[in-house]
Amino acid sequence: MTFPKNIHENYHAHIYFDQPSAGVAKQLRQQVIEQFSLPVGNFNEKLVGPHLMWSFSITFTSSDFEALIAWLENHRQSFSVLVHALTGDDLKDHTDFAYWLGTPVELNLSGL
């Protein structure tokens, strides 16, 4: 597993959760909103896109990268976090330009 590298302009972080951990994930999402002035996506209690678990996303740039990744690593608890570039090539973004905090989660790449 490779720790995220800040080599692109724009990024997403996806925090994965399930029904038993949804309450704690909601609290984590609120903490992100309070700590950072970044767009935070919907709290998806359904499968969205290539994500095979419930999730919410954070959109950020290279200038936010160091602070956000360090914060997520310290506050994610046992949640898996996918960090990937936003280059316009969805398949590469979710494979070649993807990094994980915690245990990687399977993605459905067939639609990318």
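Figures for the structure shown
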item: Per residue value of the accessible surface for the chain (all protein chains in place, 1.4 Å probe), Å²; result: 54 Å²
item: Translational D in µm²/s for segment 10-101 (Stokes-Einstein at 4 °C, 1.567 mPa s, Kirkwood Rh from C-alpha pairs); result: 98 µm²/s
item: Highest-fluctuation residue, VAL40, VAL32, VAL24 considered, GNM on the chain with Cα pairs under 10 Å; result: VAL24
item: Selected from PRO50, PRO20, PRO39 as most flexible by GNM, with the chain as the system and alpha-carbon contacts under 10 Å; result: PRO20
item: 222 nm mean residue ellipticity, helices alone, for the chain (DSSP H n ≥ 4; -39,500 (n - 2.57); rounded to 500); result: -8500 deg cm²/dmol
item: Gain on full stretching of the segment that runs from GLN77 to SER62 - 0.36 nm per residue minus C-alpha separation; result: 3.0 nm
item: Extension gain, HIS8 back to GLU45 (0.36 nm per residue minus Cα-Cα distance, nm); result: 10.4 nm
item: J(HN,Hα) series, segment 30-46, from Karplus relation 6.51 cos²θ - 1.76 cosθ + 1.60, nearest Hz, glycine and proline x; result: 5, 4, 4, 4, 6, 8, 10, 9, 10, x, 10, x, 4, 8, 7, 9, 7
item: Cleavage-rule hits (chymotrypsin sites (Phe, Trp or Tyr not before Pro)) in segment 1-93: DSSP loop, at most 13 neighbouring Cβ within 10 angstrom; result: none
item: Candidates LEU68, LEU82, LEU47, ranked by Gaussian network fluctuation over the chain, Cα under 10 Å, top entry; result: LEU47
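The values are calculated or read from the model by the stated rules, or taken from the named source; none is laboratory data. All of these numbers come straight from a predicted model, not from anything done at the bench. Neighbour counts are summed over all protein chains in view; Cβ atoms, including those assigned to glycine, are modelled from backbone coordinates with ideal geometry. Keep in mind that these areas ignore ligands, DNA and RNA; they rest on the heavy atoms of the full protein, side chains included. Shrake-Rupley method; radii C 1.70, N 1.55, O 1.52, S 1.80 Å.
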